[in-house]
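Please read the structure below before turning to the comments.
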Amino acid sequence: MALLQISEPGQSQAPHQRRLAVGIDLGTTNSLVASVISGSATVLKNEQHEWSIPSVVYYSASGEPVVGSSAQENAASDPFNTIRSAKRLMGKGSDDVSNSWLAEHYEFDFDSGSIPAFKTAAGNRTAIEVSANILSTLRSTAEKTLGGELVGAVITVPAYFDDAQRQATKDAAALAGIHVLRLLNEPTAAAVAYGLDNGNDGVVAIYDLGGGTFDISLLKMQRGVFEVLATAGNTALGGDDFDNAVADWLMEQSGVSALPDQGARRQLLRLARSLKETLSSQQTAPYELNLGESLMFRGEIHVDTFNSIIEALFKKTLPSCRQVLRDAGIAKSDVQAVVMVGGSTRVPLVRERVGEFFEQTVLTDIDPDQVVAVGAAIQADVLAGNKPDSDLLLLDVIPLSLGLETMGGLVEKIVPRNTTIPIARAQEFTTYKDGQTAMALHVVQGERELVADCRSLARFELRDIPARTAGACRIQVLFQVDADGLLTVSALEKESGVVASIDVKPSYGLSDGEIEEMLRASMEHASEDVQKRALAEQKVEGSRVVEAIASALDADGDQHLSSEERSEIDALVASLKQSLEGDVSDNIKLAVEKLEAGSSVFVERRMNASVKELMAGQELSELERKLVTDTNVED
Ligand code: ADP
Ligand code: MG
């Protein structure tokens, strides 16, 4: 029976008017595009009938870039112009590149700007441009298959991507002419693919081991809503590392000490990879490699040998598994399902060991290579407005705490790690010096107590603050993280209404600091950090007292003090200053107390001399508010 449907303007969707939206898994190794067709999410095949293309781009001196399998074929013969694993460099700076294994495989131009570029026959290409070429190819596959222009795409990123890496992904999409409906964490997409929102409430673990990245996430489902409880992982661990380990083993077997060139190494890696993949379904795999007359070898590898080669690499994933459980406060027995994602989870040893770790059989029903793209497609369908009554709601978390530098080089965390996004958090700060009219804001990311141990994201200034006594201004700093994990920080001085804000497109480059490493460091240094923080806070307090007394002495010291009294106070100030040079927290504390006691008469006289008026607007709570660096103090 045909029924007339009444819907909101712009919401009416006859089947043939479906808005074409896709999900894209832009992988380090392989990339896929999927879309919901006739109600079911389907991975789209290209003209060569491939549902997955290698994330490889070949640049020649003339002609268009070649993407995918055809590009891959050039890897051995023309390695420098065949760019793979570009995702590892998304949002990274020159330092990260020099420290990465990619530096051994490619030539880079570090001079052309803050973003390093691959040197290719077609000119310099950044990781963003390489990714854009891959995205363009997927877009055209989708548009040909679906028969129309896309309204947008959901693109997945590893849960561990930081702001710079997410922004780089968006930039690549823009270059490819793709409207990004949403960036989605890969594990969250996998959960969507499994339809876990329709299942029983509970906690599931998503274990994703791909070619170049490892992610472990704990998701909580409740009444059809997902929440990412915790994520951890390693941005430099995956099947590529298995390949390298097998290639090294092959070299040992061959008895050859060095390979003639990069092309030969690549051939060796291709062999290693195909052996690895064969051993996922067979007990043994024969091999034969011919790299010239003196470089011929053949043999056979048994799965037990393979397992022992990769065992140590696999084990590197377990600390992250323990960490998410700890972070979320979840026992293994509370994890109701463990989902396998990523091509490398086809390795039987991996499935077995992950199962042993979580003490249950892992889920592999949906093809681990497709599951992320499928989930992204389902989400894209919802976001494009094709399912107006869907209540699928996704919540992600930020992987590292976001905060602000305060006096003494300390970090005030505003948004703690693993907070679900989108989120807005405000905190009030105040001025440090009398008459201070500008405030420097330094946005940092990380778990450590000191700014020096965290990652700097951005700096900006709030100017034209009305000149008041120290502590009298109220400056509200607002941190907003949108659904894509991108951060905007704004500062508002409440009396005058002056504002300043910054979209954090952070300075490119995590100093090859994998997030895991940062987290580990924060745990290792926890007690030491507490002491450092106590010292730094004591120093801030000491400097503040010096500052306050100096400004009072300047203003009316002569009026209220005899020269004897004055020199007594000066001596106490000098001794406080001296203790501030040292690193003994108790000494500073003592000197502050002495100075406060020694100057109490002076303070009292000032009060009596109707200076009360000046202090009237200043409540105790304001004095206790956190102090932010004054620009004048810094230089
Ligand atoms: P990414 O998300 O990093 O693009 P994928 O999820 O596509 O990675 O996984 C790619 C990795 O999976 C590669 O290292 C590839 O060799 C590996 N892989 C694919 N199939 C198999 C298999 N049958 N056995 C073992 N590893 C496999
Ligand atoms: Mg992947």
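The values are calculated or read from the model by the stated rules, or taken from the named source; none is laboratory data. Remember, predicted model here, so these are calculated numbers, not experimental data. Backbone-built Cβ (ideal geometry, glycine too); neighbour counts: all protein chains shown. Each accessible area value is taken on the protein alone, full model and side chains, heavy atoms only, with ligands, DNA and RNA left out. Shrake-Rupley method; radii C 1.70, N 1.55, O 1.52, S 1.80 Å.
Below, the figures for the structure above:
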read-out: Nearest 10 degrees, 0 to 90: helix 163-175 Cα axis against the chain principal axis; value: 50
read-out: Taking the stretch 527-615 and dividing mean pair separation by its residue count, relative contact order in percent (alpha carbons under 8 Å, at least six apart); value: 36
read-out: Whole-percent carbon and sulfur share, accessible surface of the stretch 239-314, 1.4 Å; value: 44
read-out: 0 to 90° range, to nearest 10: angle between helix 585-598 axis and the chain longest Cα axis; value: 30
read-out: For the stretch 394-446, alpha-carbon Rg over 2.2 N^0.38 Å; value: 1.36
read-out: Selection of GluC sites (Glu not before Pro), the stretch 319-373, meeting DSSP coil and at most 11 other Cβ within 10 Å; value: Glu359
read-out: Long-range amide H partners of Val504 with built H, under 5 Å; value: Leu487, Thr488, Val489
read-out: Relative packing of peptides 160-167, 101-108 - highest average C-beta neighbours within 10 Å first; value: 160-167, 101-108
read-out: Descending Cα extents along the principal axes, the stretch 527-615, whole Å; value: 47, 28, 18
read-out: Accessible area per residue in Å² at 1.4 Å probe, computed on the chain; value: 44
read-out: Cα-based equivalent ellipsoid of the chain: semi-axis lengths in Å, sorted from largest, via gyration tensor; value: 54, 30, 24
read-out: Packing-based order for 338-346, 557-565, using average beta carbon neighbours within 10 Å, highest first; value: 338-346, 557-565
read-out: Inverse of mean 1/r across different Cα pairs in the stretch 276-408, Kirkwood, Å; value: 19.1
read-out: Computed accessible area, Lys276, all protein chains, 1.4 angstrom probe, square angstrom; value: 20
